[in-house]
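The structure under discussion appears below in the form of structure tokens.
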Amino acid sequence: MSTEIKTQVVVLGAGPAGYSAAFRCADLGLETVIVERYNTLAVFA
């Protein structure tokens, strides 16, 4: 199964750096998608 998604930025990984990059891109008004290999996003204490 494949799905085509049109976006301006793709961030690979939902760790601290990925989150930071994705939020910064979104703040700049860019359409942003995070791709994470696991079903849950990273949680840090």
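Any read-out appearing in this document is the output of simple, stated calculations on the displayed coordinates, not a laboratory observation. Since the structure is predicted, the reported quantities are computational estimates derived from the model, not experimental observations. Note: ideal-geometry Cβ built from the backbone for every residue, glycine included; neighbour counts use all protein chains shown.
Overview of values
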quantity	calculated
Cα-only Debye scattering, the chain: base-10 log of I(q)/I(0) at q = 0.14, 0.19, 0.29 Å⁻¹	-0.35, -0.61, -1.07
Ranked Tyr38, Tyr19, criterion: other C-beta atoms within 10 Å, fewest first	Tyr38, Tyr19
